[in-house]
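Everything below concerns the one structure shown next.
The values are calculated or read from the model by the stated rules, or taken from the named source; none is laboratory data. Small disclaimer: the values here were computed from a predicted structure and weren't measured. Cβ sites come from the backbone with ideal geometry, for glycine too, and all protein chains shown count toward neighbours. Note: areas computed on protein heavy atoms with side chains; ligands, DNA, RNA excluded. Shrake-Rupley method; radii C 1.70, N 1.55, O 1.52, S 1.80 Å.
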Amino acid sequence: MAQLALYRSLRPQRFDEVVGQEQTVRALRNAVQQGRVSHAYLFCGPRGTGKTSVAKILAKAVNCVEPVDGEPCNRCASCVDIASGSFMDVIEIDAASNRGIDEIRDLREKVRMMPAQGKTKVYIIDEVHMLTTEAFNALLKTLEEPPESVVFVLATTEPQRIPATILSRCQRYNFRRLSQTEILERLKTVAQTQGIESEEKALEVIARRATGSMRDGLSILDQCLAYGLSSITYQDVLNVLGLVDDRFLSEFFGSIMEGDAGLVLTYIDQAVAAGKEALQFVREVADYLRDMLVLKAVGPGAELSRVVGDETLLELGRQAESLDTGLILEVLKRVMQLAGELRFSESPRFIMEVTFLELAGLLGS
């Protein structure tokens, strides 16, 4: 039997376990506690920020036999069955693959039935923006006159695609991207509770690469754990994600600033020989330049993307001081343009070499 992924096995089971969505979970917990649960909710936000997890916690809370301060007890039969996915009255629907009017008509017929196992039927419709216009119209009638024992939770990453008629009948909650600090603290807790030995620098890279998604962070941690077995090192993370070391980035950009064409080509050759993909390497260079630009504009207190560690931060500062802001911005734009070109190129190394040699000529002159 396949092992359960970390992001699934460590899914929050209570409102107070949800990371980074304090306002949303507080409002929902209060609604359950006061008996003011709405018939329809719309959860909006980027992927991996907790929309489905919060929807399942809400489903447990409204069906829990002994809720405490709006929180599910996680001990009664309803809570246990919902957590295991065997509760008949919590229905999850993927709108991406069930987007037609026939599926919604079938839903409308089943909505009329009383709950079979618990107090409230909860329909969780994920990626609801994928429904067709006809399906939305069919769903609208149910949202206008819903049975008392039914709660709808609509989840989407693209709320602008939801018709206004649907929006007006839902309580809307926006889920924000998590900060790197929030993800890092959660990763540290997971590593500790799971008995995983990990370097803090490795977890910092994972938190940065998660780009605000807790699910992505846990997925990367899982992948790195499979690579490093019982421990995770900084080098393990670089190898798994195909990244280059920050010192390598610093030295590489230093060779560009010096205008040393031979050294630039040597560094590119080393990156390619180590199995780094051209597009990923260029994105790392772009992140490095972004940090340089921010450091130049804001100063030592700047919030960097953590592509640069403490060891190379001083060198980044020296490089930033020696270049004009406009020049850094021009170079960054050219590197970002290169990243776009590489997506459709059949000879990525050639284009990469030409571009970086051009930049070496620009900065080294």
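Worth a mention:
- Accessible area expressed per residue, the chain, with surrounding protein chains retained (probe 1.4 Å, Å²): 49 Å²
- Accessible area of the chain belonging to carbon and sulfur atoms, whole % at 1.4 Å probe: 49 percent
- Degrees between helix 51-63 axis and first principal axis of the chain (Cα, 0 to 90, nearest 10): 20 degrees
- Cα gyration tensor category, rounded, prolate or oblate, for region 106-155 with a/c compared to 1.5: prolate
- Size of region 215-365: Rg and Dmax of its alpha carbons, in Å, are 15.8, 50.
- Close amide H contacts of I93 (hydrogens built in the peptide plane, cut-off under 5 Å, sequence separation of 5 or more or a different chain): I124, I125, D126.
- Cβ-defined net charge surrounding N30, 12 Å radius [Lys, Arg +1; Asp, Glu -1]: +1
- Share of Cα-Cα pairs in region 1-88 lying beyond 15 Å, as whole percent: 58 percent
- Restricting attention to the chain, the count of lysine pairs at 8 or more positions apart or across chains with alpha carbons under 23 Å apart stands at 19.
- Largest-first ellipsoid semi-axes for region 57-121, taking √(5λ) over the Cα gyration tensor eigenvalues, angstrom: 26, 12, 10
- For region 1-151, Kirkwood radius (reciprocal of mean inverse C-alpha pair distance, Å): 16.2 Å
- C-alpha long axis of helix 246-258 to longest principal axis of the chain, angle in °: 40 degrees
- Correct option for Kirkwood radius over Cα pairs in Å [calculated from the coordinates] among [x] 20.3; [y] 21.8; [z] 23.4: [z]
- Other-chain or far-sequence residues with amide H under 5 Å of I232's (modelled H): E197, S198, E199
- Rounded if a/c under 1.5, otherwise prolate or oblate - region 152-268, Cα gyration tensor axes: oblate
- Spacing of the modelled spin labels on Q192 and A96, each 7 Å from Cα toward Cβ, amounts to 3.5 nm.
- Here the Debye sum runs over all C-alpha atoms of region 212-275 as equal scatterers in vacuum, and log10 of I(q)/I(0) at q = 0.17, 0.22, 0.28 Å⁻¹ comes out as -0.69, -0.88, -1.12.
- Exposed-site-free run, longest, the chain (rule: GluC sites (Glu not before Pro); DSSP loop; at most 16 other C-beta within 10 Å): 1-147
- Estimated FRET transfer efficiency when R0 is 30 angstrom, pair R247-E182 (beta carbons, to 0.05): 0.65
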